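First the structure, in the form of structure tokens, and then the observations on it.
Every number in this text was worked out from the coordinates using simple rules, so none of it is lab data. Here the structure is a predicted model, which is why all the values come from computation and not from measurement. Here Cβ is always computed from backbone atoms with ideal geometry, including for glycine, and neighbour counts include all displayed protein chains.
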Amino acid sequence: MVTVLDARGLLCPLPVLRLRKQLLALPQGAIVRLIATDRMAMVDVPHFCEQAGHVMVGTRDLGDGALEFTVRRGPSVPQAEGLVTPEDS
């Protein structure tokens, strides 16, 4: 099952924050497709995936000013050393 998250019209950092919230609510291996019109998402989403331990499966231009990012949820990874994730509490 694929979850679609429509973040069109939202500006940085909201698309990534919504993606993060959605991924945390799903099990490891789940797929989320984020649709965003903010061009900074081209930088922010891959960076977020790398930092948080998720997998950027692909990106495509939808041709209407929107970009689609396909992300697979990785294991729970603390954002910084010494911090716990929601799954740890």
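Tell me, which residue of region 32-50 that is within 17 Å of Q22 (Cα to Cα) and of a type in the set (A, V, I, L, M) is surrounded by the fewest Cβ atoms within 10 Å (Cβ to Cβ)?
I35
Just to be sure I understand, how many residues within region 55-76 are part of a loop (DSSP other than H, G, I, E, B), within 16 Å of L5 (Cα to Cα) and not small (G, A, S)?
Qualifying residue count for the region: 2.
Restricting the first residue to region 1-20 and requiring it to be of a type in the set (D, E), which pairs with a second residue that is assigned to a strand (DSSP E or B) meet a Cβ separation below 9 Å and a spacing of at least six or different chains?
Listed pairs, sorted by first residue: D6/L34; D6/I35; D6/A36.
Quick one: G53 ticks every box in (1) more than 12 Å from R72 (Cα to Cα); (2) among the small types (G, A, S); (3) surrounded by 15 or more Cβ atoms within 10 Å (Cβ to Cβ) bar one, so which box is it?
(1)
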